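Working notes, beginning with the structure itself.
What follows draws every value from the coordinates through simple rules; no lab data is involved. From a predicted model like this one, the values you see are computed outputs, not experimental measurements. Virtual Cβ from ideal backbone geometry, glycine too; neighbours counted across all protein chains shown.
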Amino acid sequence: MRAMQPYETLDAVPAPLLDIRDLRVSFDTPHGLVKAVGGVSWSLSPGETLGIIGESGSGKSVGLEAIMGLIKSPPGHVSGQVLFDGRDVLTMAERDRRQLRGEKIAMIFQDAMSALNPSLTVGTQIAEVYRLRRKCSQAEAERKAIELMDRVKIPSAKTRVGCYPHEFSGGMCQRVMIATALALNPQILIADEPTTALDVTVQRQIMTLLAELQREDGMALVLITHDLGLVAETVDRAMVMYAGRIVESGPVDALFETPTHPYTRGLIRSMPRLDGASGALHAIGGTPPAAGRMPRGCAFHPRCEQRVDRCLTERPNLRMVAKGQAAACHLAEETRHD
Amino acid sequence: MTAVDAQTLPQDEAHDRAAAITSRAYFGALMRDRVAFVSAIFLGLLLIAALGADLLAPYEPNQANLRARFVPPLGTARDGGFHLLGTDELGRDLFSRLMHGARVSMSIGLLGALCSGIVGITLGVLAGFYRGLLEDVLMRAVDGMMALPSLLIALFILFVIGPGFGNLILIFTLLHWMVFARMARSLTLNHQQHTYITAARAIGGSDRRIILTHLLPNMVSPLIVLFTLEIAVLILSEASLSFLGFGVQAPQSSWGLMIARGREYISSAWWLVVMPGAAIFLTALALNLVAAWARAITDPVQRWRWLTPPRRKSQPIDDED
């Protein structure tokens with residue numbers, strides 16, 4: 001028997017489960033080609049929890065949808081490489097790719113109420129993938145649905161398999177979504193703002209549930225959110241996205257303790273705190289650029305308090321600033337070179 | 001979450017409730033909506049009359065009886081025969097002829113709507129789902145065909161290929177599929193925005209599966225309404241075409257044809273025009289009223305409102321009555 005290799009650091013993980021290289025997504029619009037994601041690279045190890053933080057329109061959801069193959073082309077264009085277990089998903093035949101979705105990579109969505117088909121019972125929907133792939137009988141599918149509903153802790157699952165989504169509360173719908181995603185024990189679960197539409201107590205329950213399920217199955221979780229508190233609590237490693245690019249990434253503790261990029265710093269400063277002085281919250285001035293009108297140089301420079309001349313003309317690349325932590329900022333590089 | 005826990009039901013009760021919804025609830029909902037109920041009864045009777053015309057009609061519809069010409073409604077002929085709706089110029093019983101005519105009118109309406117529905121919905125869903133060139137071509141075709149004066153086109157084509165039942169269905173499919181296509185396309189576009197379609201794709205559903213199990217069931221409600229309304233429109237169209245002599249031909253009888261024949265005697269025997277006219281009017285009206293009811297009842301999200309009986313006093317919400 002071979003000795004298990006302990007995962008020493010996050011960067012030294014042997015083979016990533018998902019390896020994204022230079023992923024770009026753009027869309028044809030009446031106003032020309034619009035870049036939604038511009039060259040993003042990251043990887044995910046088995047069992048890891050990765051957070052992707054960003055404002056609306058920063059390209060976090062679009063990037064993940066591209067990985068899942070949910071971008072319609074035309075008008076969308078996806079390029080780069082998405083390696084799952086070493087195989088490039090983007091060049092795969094549609095058939096194989098469909099096989100991958102649901103079976104290996106599952107996704108849950110922001111608004112569970114609208115992510116469930118109103119005309120099918122929750123049981124049918126939970127067991128849908130299972131029936132599709134395992135070609136089992138109706139009775140077995142129902143048993144599986146009940147089992148999954150038990151797993152996501154929906155009370156009295158037996159009576160509820162026949163209910164319709166509109167008979168469920170938002171939190172229960174999200175549980176149904178999670179059950180649907182878990183049907184085939186995927187290796188990666190992508191959660192696109194899974195708790196945004198829920199109230200805070202339910203948010204906590206859902207996150208606890210996800211963490212529990214993740215522990216049981218050892219699946220990797222990609223959590224897309226704009227809720228920094230959520231990230232700080234649940235995630236191992238996080239990436240901050242701005243205007244379609246990663247501006248900073250690293251272990252979540254490092255990111256919160258020593259944020260390097262002015263945008264990350266701004267985000268963290270704009271979080272309400274229990275300990276600090278009370279008063280008006282910090283806000284990052286200005287608005288994110290529209291996807292069609294990206295500023296030259298660093299996309300963040302119009303809003304940056306520390307910009308220098310270089311920021312106006314030259315786009316900073318993602319560079320290591322500390323162990324496992326990378327930032328895309330000219331100033332960060334300079335502090336390091338000093 | 002607490003709400004869910006609180007209303008946790010004993011299993012049997014929940015099962016009973018689910019069973020009740022499928023079977024008896026539809027009837028109960030129909031009973032509560034009086035107008036729809038009366039309309040449904042009318043359509044039901046009409047269907048019975050049309051299907052059982054051979055057995056139920058009091059007289060042979062095509063048998064002339066010169067001793068009983070122009071008997072007014074509720075009149076008795078000289079040979080002693082009672083005629084509920086009177087007789088025509090050849091002494092044929094109007095009521096029996098209406099029953100037989102109903103068969104033709106109803107089946108043309110139903111079949112025509114069904115054929116144009118199948119063609120239109122298929123094309124419309126494909127256009128909305130795949131977009132691109134298919135959509136452009138199809139929707140321009142729809143726009144073009146909508147601009148055509150359909151009655152004239154129908155007359156022209158029927159003149160070329162000849163009148164008759166089958167040809168009528170063909171013409172109606174040709175001239176009415178656009179209505180369904182347009183609606184099916186817009187519904188498809190609308191529903192594709194919903195996350196559950198993305199979600200279905202995310203679990204690896206094929207296009208076919210997404211269309212059949214996720215899109216179509218959610219589109220049923222408005223399409224059923226359109227279908228019901230189209231039946232009424234087609235019955236009226238058939239009446240106009242038969243009236244103009246291009247529809248159903250002589251030994252066969254339809255309501256439109258009966259009006260056409262009765263027109264000559266309108267000053268002396270008003271019932272020859274009024275009775276079939278009333279039949280057309282009432283059928284179209286009943287179909288429209290039932291359509292409104294069907295819209296409510298087939299909506300997957302809204303239907304429980306109509307399907308569950310009014311709440312009992314013990315329950316807190318909604319007990320004004």
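Overview of results
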read-out	value
Shape call, chain B: gyration tensor on alpha carbons, a/c limit 1.5	oblate
Dipole in debye (nearest 20) - the stretch B:47-305, about Cα centre, beta carbon charges: Lys, Arg +1; Asp, Glu -1	480 debye
Fewest-first sequence of B:ARG34, A:ARG307 by Cβ atoms within 10 Å of each Cβ	B:ARG34, A:ARG307
Extension reserve of the B:LEU170-B:ASP79 stretch, reckoned as 0.36 nm per residue once the Cα distance is removed	28.4 nm
Cα gyration tensor, chain A - rounded (a/c under 1.5), prolate or oblate	prolate
Listed residue pairs exceeding 23 Å between alpha carbons, taken from A:LYS104/A:LYS144; A:LYS104/A:LYS135; A:LYS104/A:LYS323; A:LYS35/A:LYS72; A:LYS72/A:LYS153; A:LYS72/A:LYS104	A:LYS104/A:LYS323; A:LYS72/A:LYS153
Within 10 Å of each Cβ in A:145-157, the average number of Cβ atoms from other chains	1
Among A:ILE224, A:LEU184, A:THR195 the positive-end extreme of the charge dipole of chain A (Cβ point charges)	A:LEU184
The protein assembly as shown: antiparallel DSSP beta bridges as a percent of all, rounded to 5	65 percent
Simple Cβ-charge dipole of the stretch B:84-175, Lys/Arg +1 and Asp/Glu -1, about Cα centre, in debye nearest 20	140 debye
Proxy reagent accessibility, fewest Cβ within 10 Å first, across A:ARG310, A:ARG87	A:ARG87, A:ARG310
Helical segments meeting 15 Å axial Cα length and Kyte-Doolittle -1.0 threshold in chain A (DSSP H)	A:122-134, A:170-182, A:200-217
Chain lengthening between B:SER206 and B:ASN288 when straightened (0.36 nm per residue, less Cα-Cα)	25.8 nm
Segment A:LYS158-A:ARG143, length gained on full extension (0.36 nm per residue, minus Cα span)	4.5 nm
Extreme residue, positive dipole direction of the protein assembly as shown, given options B:GLY132, A:HIS166, A:THR234 (C-beta unit charges)	B:GLY132
Unit charges on C-beta of K, R, D, E only; dipole of the protein assembly as shown, Debye	1000 debye
Pairwise centroid distance, computed over Cα atoms, of the stretch A:69-101 with the stretch B:163-206, Å	29 Å
Signed unit charges on C-beta, dipole axis of the stretch B:47-305, positive-most listed residue B:VAL119, B:MET183, B:LEU257	B:MET183
Ranked by how many other beta carbons lie within 10 Å on average, peptides A:160-167, A:204-211, A:90-97 from highest	A:160-167, A:204-211, A:90-97
Cα-based helix-to-principal-axis angle, B:11-32 vs chain B, degrees rounded to 10	30 degrees
Gap separating the Cα centres of the stretch B:29-102 and the stretch B:226-302, nearest whole Å	15 Å
Residues of the stretch B:48-79 with amide N under 17 Å of a point placed 7 Å along Cα→Cβ from B:GLU89	B:62-72
Cα-based shape type of the stretch A:48-134, given that a ≥ b ≥ c are square roots of the gyration tensor eigenvalues and the cut on a/c is 1.5	oblate
Calculated [θ] (222 nm, deg cm²/dmol) that DSSP helices of n ≥ 4 give over chain A, each run adding -39,500 (n - 2.57)	-10000 deg cm²/dmol
